[in-house]
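Just below is one structure, and these are the notes that go with it.
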Amino acid sequence: MTWLTPHIGTQLVDFGSAMLLLTCFAIVAQRRLSACVDLFALQSLFLAMTAALVAFLTGTRHIYIAAALTVVVKVIVIPRVLKGVIERLNVTRELVMKVNVPASLLICGALVMIAFFITQPIIPFGHLLTRDSLAIALAIVLIGFFTMISRQKAVTQLIAFLVMENGLFLGATAATYGMPLIVELGVFFDVLVAALIAGIYTNRLQDAFDSVDTTHLSELKE
Amino acid sequence: MIKDQSILQAIAITLAQAIVLIAVSPAIVGLIRKVKARLQCRQGAGIFQPYADLRKLFRKQPVVSTTTSWIFTATPYIVFASTVTAGLLVPVFASQMPLNFAGNIIAFVYLLALGTFFLILAGLDAGSSFGGTGSSREAIVASLTEPAMIMAIFAIALTAGSTNLSTIVHKTALLQGIVTDPSSHLMALAALFIVTIAETGRVPVDNPATHLELTMIHEAMVLEYSGRYLALIEWASGIKLLVFLTLIANVFAPWGIATSLTPTALSVGLGVYVVKVAGLAILIGTIECMFAKLRLFRVTDLLGVAFILALLGLLFFYILRG
């Protein structure tokens, strides 16, 4: 283990968080719903790998459990559920967007800068090897939030919500080497249930309006 | 005396690198065509076919429309000269270019842009509608790739602490495989690869193998050219492709490049260079087979992604200080 100096460890963690942010941008640029789900699964896999790496480098056991749960819940179960939902729908891609792809990408780039400037005063005080990831975690939360607002299909909004949750998980790992296990278990359960409920709700939306465009929900019906 | 010798050596190294770029480029174009043909279960022409094509074109009489101005006949020479000059600024097989003082990466970008600008003018010059369409499309692509390219290059320049290509490559080569900013470099690499594909008119953006008027960009601009003018333009676009591949290979993976001017280092550098560039050419050929050409209005999405990747590369340099 002589090659695994703290410096290389930090770089590996940084690299993992960079990949998380990259998949975030890929989700923003992607129009096909099923590809978005795949990208979310990939992002969760990167998250689990980064978390496992942090667990290995710091010897914090309970992060391993959280990483394993991430693989089970976010890489396997939730993408399956979402794929099932998408199969029932009559749309395969996001056609009408409130903000088009290049503009969304630019706005997300600006969000990364904002996240960086907000966290910049805090980061030098941290001495954890994950401290650089805090800016990226905040950026992922902001991008997820922006995607939820700017997309109209319920499925994309759900994916954006899950992306936000990934950002929060990364933030918790970056700031404090993870939350207490009991809190993390609760969060995983919440996310799973939220995804299931949103899946059912999407199906209901499809039955009621013959579309999963959530803007229909703000129209008055007689 | 020693001073004289080093000047002679510098001139020899510069000339040798330029000659390698000019001489190898048709073979790289041929290699990409061969890879594509093999992947499509065709036999394909040999990789040295482009040399024969160029020789044939140089022998033929050029036909120039009477409606064209001097720009039309001057453009092939300007494009060829500006591309070769840009190539002089890129380290090919020795990391220290004697022309280092003459220009940095920004000069490199705008020398290539000068060629593109004149090609756009020449496309309009003959007054045909295809030329106009091609020029308009090329202008869109060029204006969108430029910021992405500049950003990607700045991301690398920040790590090396210099905008001089020689210094960047030399510093990275001396590190011997230790990458100081992996995330930042990876983003810049991805951005620069998309830029390469767009700038050299490769498949997701433009199709170099077709003369179908609906889809072509570069081919539409040069449709009016024939004879030696066409040969010069084709050769210049081959050199441009090779210059971009050289840039990617040497900036991101400068391993094996000659950091000193001993004969062994130089010959190893040349061998490694040919292998690296051939590998990249095979990659481009494979990508051309795997993807369909994008609709013109989706090209902006792809180039937007390239810009964002480059921007992230730049931001990661500051965010991930390690």
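The values are calculated or read from the model by the stated rules, or taken from the named source; none is laboratory data. Here the structure is a predicted model, which means the values were calculated and not measured. Cβ: placed from backbone, ideal geometry, glycine included. Neighbour counts: every protein chain shown.
For (1) of a type outside the set (A, V, I, L, M); (2) surrounded by fewer than 18 Cβ atoms within 10 Å (Cβ to Cβ), each residue gets a yes or a no:
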{"residue": "B:A139", "(1), (2)": "no, yes"}
{"residue": "B:L144", "(1), (2)": "no, no"}
{"residue": "B:M149", "(1), (2)": "no, no"}
{"residue": "B:A152", "(1), (2)": "no, no"}
{"residue": "B:T167", "(1), (2)": "yes, no"}
{"residue": "B:H170", "(1), (2)": "yes, no"}
{"residue": "B:A188", "(1), (2)": "no, no"}
Considering each residue of the stretch A:1-41, count those that are closer than 16 Å to A:A55 by Cβ, within 13 Å of chain B (Cβ to nearest Cβ) and either in contact with a strand residue (DSSP E or B) (Cβ under 7 Å, 6 or more places away or on another chain) or surrounded by fewer than 20 Cβ atoms within 10 Å (Cβ to Cβ) (or both), and give that number.
-> 3
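Just to be sure before I move on: is B:L302 within 14 Å of chain A (Cβ to nearest Cβ), part of a helix (DSSP H, G or I) and either surrounded by fewer than 23 Cβ atoms within 10 Å (Cβ to Cβ) or among the polar types (S, T, N, Q) (or both) in the structure I sent?
On the way: within 14 Å of chain A (Cβ to nearest Cβ): yes; part of a helix (DSSP H, G or I): yes; either surrounded by fewer than 23 Cβ atoms within 10 Å (Cβ to Cβ) or among the polar types (S, T, N, Q) (or both): yes.
Here the answer is yes, as B:L302 does meet what is asked.
Within the stretch B:187-208, can you find the residues that are assigned to a helix (DSSP H, G or I) and either within 14 Å of B:I32 (Cβ to Cβ) or among the small types (G, A, S) (or both)? Full working, then the answer.
Quick first cut of the stretch B:187-208, residues assigned to a helix (DSSP H, G or I) only: B:187-199.
Matches in the stretch B:187-208: B:A188, B:A190, B:A191, B:T196, B:I197, B:A198.
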Over the stretch B:243-264, the set of residues buried (at least 17 other Cβ atoms within 10 Å of the Cβ), hydrophobic (A, V, I, L, M, F, W, C) and touching a residue at least 40 places away in the same chain (Cβ under 8 Å) is B:V243, B:F244, B:L245, B:L247, B:I248, B:V251, B:F252, B:I257, B:A258
For the stretch A:123-137, how many residues are at pLDDT 85 or above and in contact with a Ser or Thr (Cβ under 6 Å, 6 or more places away or on another chain)?
-> 3
When the stretch B:176-203 is checked residue by residue, the ones that are within 14 Å of chain A (Cβ to nearest Cβ) and either at pLDDT below 85 or closer than 20 Å to A:D132 by Cα (or both) are B:G177, B:I178, B:V179, B:T180, B:D181, B:P182, B:S183, B:S184, B:H185, B:L186, B:M187, B:A188
Could you tell me which of the residues A:F56, A:F40 is in contact (Cβ under 8 Å) with a residue 40 or more places away in the chain, farther than 17 Å from A:G171 by Cα and aromatic (F, W, Y)?
-> A:F40
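Restricting to the stretch B:27-49, give me the number of residues that are part of a loop (DSSP other than H, G, I, E, B) and touching a Cys at 6+ places or on another chain (Cβ under 9 Å).
1
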Of the conditions (1) in a helix (DSSP H, G or I); (2) surrounded by 19 or more Cβ atoms within 10 Å (Cβ to Cβ), B:M216 clears all except one; give me its number.
-> (1)
Selection over the stretch A:161-177 where residues are surrounded by fewer than 24 Cβ atoms within 10 Å (Cβ to Cβ) and of a type in the set (G, A, S) yields a count of 3
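Considering each residue of the stretch A:81-95, count those that are charged (D, E, K, R), surrounded by 12 or more Cβ atoms within 10 Å (Cβ to Cβ) and part of a helix (DSSP H, G or I), and give that number.
First pass over the stretch A:81-95, keeping only residues charged (D, E, K, R): A:83, A:87-88, A:93-94.
With the extra rule that they be surrounded by 12 or more Cβ atoms within 10 Å (Cβ to Cβ), the set shrinks to A:83, A:88, A:93-94.
Remaining after also requiring part of a helix (DSSP H, G or I): A:83, A:88.
Count: 2.
When you check A:A48 against the structure, is it within 14 Å of chain B (Cβ to nearest Cβ) and assigned to a helix (DSSP H, G or I), yes or no?
Details: within 14 Å of chain B (Cβ to nearest Cβ): no; assigned to a helix (DSSP H, G or I): yes.
For A:A48, the condition - within 14 Å of chain B (Cβ to nearest Cβ) and assigned to a helix (DSSP H, G or I) - is not met.
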Checking B:I78 against (1) crowded, with 18+ Cβ neighbours inside 10 Å; (2) within 30 Å of B:A253 (Cβ to Cβ), which single condition isn't satisfied?
-> (2)
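Please find, among A:M164, A:M148, the residue that is under 17 Å from the mean Cα position of the chain (by Cα), over 24 Å from A:M49 (Cα atoms) and touching a residue at least 12 places away in the same chain (Cβ under 8 Å). Spell out the reasoning first.
On the way: A:M164 fails: over 24 Å from A:M49 (Cα atoms).
After applying the criteria, what remains is A:M148.
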A:V193: passes all of (1) out of contact with any helix residue (DSSP H, G or I) (no Cβ under 6 Å at 6 or more places or on another chain); (2) at pLDDT 85 or above; (3) within 23 Å of A:I114 (Cα to Cα) but (3)
